[in-house]
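Undergrad: I have a structure here, written as structure tokens, and I will follow up with some questions on it.
The values are calculated or read from the model by the stated rules, or taken from the named source; none is laboratory data. Predicted model only: the values in this text are computed from it and were never measured. So basically every Cβ, Gly included, is an ideal-geometry build from the backbone, and we count neighbours across all protein chains shown. For the accessible areas, the whole protein counts, side chains as well, though only heavy atoms, and no ligand, DNA or RNA atoms are used. Shrake-Rupley method; radii C 1.70, N 1.55, O 1.52, S 1.80 Å.
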Amino acid sequence: MKKRILVPLLVLSTHFLVITGIILGAGRINDEAPAQKIEKFTGVLERDITLRVLENDTALRQGYFEELLNAFNEEYGQYGIRAVDANMDQYLDLENDGPFGFGPDVLYQANDRIMRYALGRHVQPLPIEQLDCYPHIEEKAWDAYKITIDGQDFYLGAPVNIQGPLLFYRKSLLPDPDVLESWNALYKFSLERRENGEFGYMKSLIDAYYSLGFLFSYGGYLYGDNNTDMEDIGLAMGDAERGANVLLKLASVMDERCVDFTITQISYSQFASGNFFATMTTPDVFTLFVDELMAVGYSREEALAEIGIADVPKLPLSGDLTEENPELIPARLMGGVNGFAISSYTNYPNAALAFVDFATSYEMVMLRNEMLGIVPARKDAAENVGELAQTINNNLKEGNIVVMPSLMGQVWTPAETFFTDLANDPFRKIADQKFTTPKSRIDALQKLSDQIYDAIHTLR
């Protein structure tokens, strides 16, 4: 695969890149004056160097990362450039490791992790117009990596994979395609299976990444002004309590494993055994379903034919899963955009940019889809992958995927505590149930919002 060599020219904002007093390089101090502008991307490739690249564990485990490194090294070996596994935990601490030369040159992570590095200037703004992928990716995907300083937009990552929840189900257990159309229908089918000692839809409701979306679907939001105003926590706004009511009903057709992460941990094996009909997760774990089906005797071809994937069912406007013939609304669930970023501490920005360009190329994104089941952010790739990839892209474009903001650290613990309490309610004695009225759910959601607000502003 032949790739053009980039010659990007970008003068970068000193407001963003310059830390007053010093600028830290990979293991060294650069004492250029704060008023100076810095040109990092000269188009001149650094020679005879080794790039350390951080990928996620799934890409390593399934062999994709090795394929990517081998292909890049074959292409760029003529320039004395070699990319290697950074051999670090996928959840590295770039803030602390980078300034001392221990971080990677290039990293692949979700947008919320990359964007949290913005304040400390730990990742490098990219000249995205110089990347081959630039015109093939929707603006909403690029926006996941955008910051605006003094009226100028900068982008800290190059999108590869759109993360949006999908429904994974066993085709051989599907009684009727209508079961997948609405949560009301899936609830009813799950209730029937539960009465027969089996399970329909199963999910760990403590998992706030998925459960928060049920609040978003009815007008709740995490931060105001498109997730930028952290003075405004709105999880109780709109009719968000209806989303909480939906979760209550879903818990009632599961068992008490939904109040912790047990279902998440066993979902692949239980899916393979047929004990679970369906679960909701992101497409990048598709291969785990395949592996578990093969472990119980399916051939790879049989496993691929047995796994059904559908868009997330629509929700009843009323929030009542028992309603017959409800008016339906689309689900708005949390998602994100995974992509590549370049460390501000790299000594090899041009070679690093060449790697990002190569890794986001059509060929490598298509291979990533083939080996890992990801949904490409590139429109040209998504069009050739299939309908569901286009559906995920469209969900992002239409706002039905709420891109996870960078400030989530103060959200997870109070949200998980709330969802644990909520999911426990169907298993309590009737007299002890806490969330039986809209007001009780609104009050609990307002308390959750207040807890997140306090956690954020106490730590400031």
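Undergrad: Pick from segment 210-226 the residues that are open to solvent by 10 Å² or more (accessible area, probe 1.4 Å) and either at pLDDT below 95 or polar (S, T, N, Q) (or both): which of them is farthest from M408 (Cα to Cα)?
TA: Among those that are open to solvent by 10 Å² or more (accessible area, probe 1.4 Å) and either at pLDDT below 95 or polar (S, T, N, Q) (or both), it is S217.
Undergrad: Then there is this: Mind checking which residues of segment 63-74 are buried (at least 19 other Cβ atoms within 10 Å of the Cβ) and either within 21 Å of the chain's Cα centre (by Cα) or touching a residue at least 24 places away in the same chain (Cβ under 8 Å) (or both)?
TA: Step one: of segment 63-74, the residues buried (at least 19 other Cβ atoms within 10 Å of the Cβ) are 64-65, 68-69, 71-72.
Matches in segment 63-74: Y64, F65, L68, A71, F72.
Undergrad: Next question. So which residues in segment 418-442 are in contact (Cβ under 8 Å) with a residue 12 or more places away in the chain and of a type in the set (V, I, T), if there are any at all?
TA: Once the filter is applied, which keeps residues that are in contact (Cβ under 8 Å) with a residue 12 or more places away in the chain and of a type in the set (V, I, T), segment 418-442 yields T420, I442.
Undergrad: Given D320, D291, which one is within 27 Å of S252 (Cα to Cα) and acidic (D, E)?
TA: On the way: D291 fails: within 27 Å of S252 (Cα to Cα).
Exactly one residue qualifies, and that residue is D320.
Undergrad: Helices (runs of 4 or more DSSP H) wholly in segment 1-117 with at least 1 residues that are of a type in the set (G, A, S) and at pLDDT below 90 - which ones? Before the answer, list the steps.
TA: Values: elements: 14-17, 57-61, 64-76, 94-97, 111-115.
Of the helices (runs of 4 or more DSSP H) lying wholly inside segment 1-117, none has at least 1 residues that are of a type in the set (G, A, S) and at pLDDT below 90.
Undergrad: Right, another one. Take the residues of segment 333-357 that are under 23 Å from the mean Cα position of the chain (by Cα) and among the aromatic types (F, W, Y): which is surrounded by the most Cβ atoms within 10 Å (Cβ to Cβ)?
TA: Among those residues, the one meeting the criterion is F340.
Undergrad: Still on this structure, I have one more. Could you list, in sequence order, all residues of segment 139-172 that are of a type outside the set (A, V, I, L, M, F, W, C) and either open to solvent by 70 Å² or more (accessible area, probe 1.4 Å) or without any contact (Cβ under 8 Å) to a residue 60 or more places away in the chain (or both)? Spell out the reasoning first.
TA: If we filter segment 139-172 for residues that are of a type outside the set (A, V, I, L, M, F, W, C), which is where we start, we get 139-140, 143, 145-146, 148, 150-153, 155, 157, 159, 161, 163-165, 169-172.
Answer for segment 139-172, where residues must be of a type outside the set (A, V, I, L, M, F, W, C) and either open to solvent by 70 Å² or more (accessible area, probe 1.4 Å) or without any contact (Cβ under 8 Å) to a residue 60 or more places away in the chain (or both): E139, K140, K146, T148, D150, G151, Q152, D153, Y155, K171, S172.
Undergrad: Could you tell me how many of the residues in segment 405-439 are open to solvent by less than 20 Å² (accessible area, probe 1.4 Å) and among the aliphatic types (A, V, I, L, M)?
TA: Residues flagged as open to solvent by less than 20 Å² (accessible area, probe 1.4 Å) and among the aliphatic types (A, V, I, L, M) within segment 405-439 amount to 5.
Undergrad: Can you work out which of the residues in segment 293-332 that are free of Cβ contacts under 8 Å to residues at least 40 places away in the same chain and open to solvent by less than 60 Å² (accessible area, probe 1.4 Å) is farthest from L180 (Cα to Cα)?
TA: Ranking the qualifying residues of segment 293-332, first place goes to S299.
Undergrad: Continuing with this model, one more query. Testing S204 on (1) in the same structural domain as L372 (by TED's automatic domain parsing); (2) over 30 Å from V123 (Cβ atoms), one condition comes back false. Which one is that?
TA: (1)
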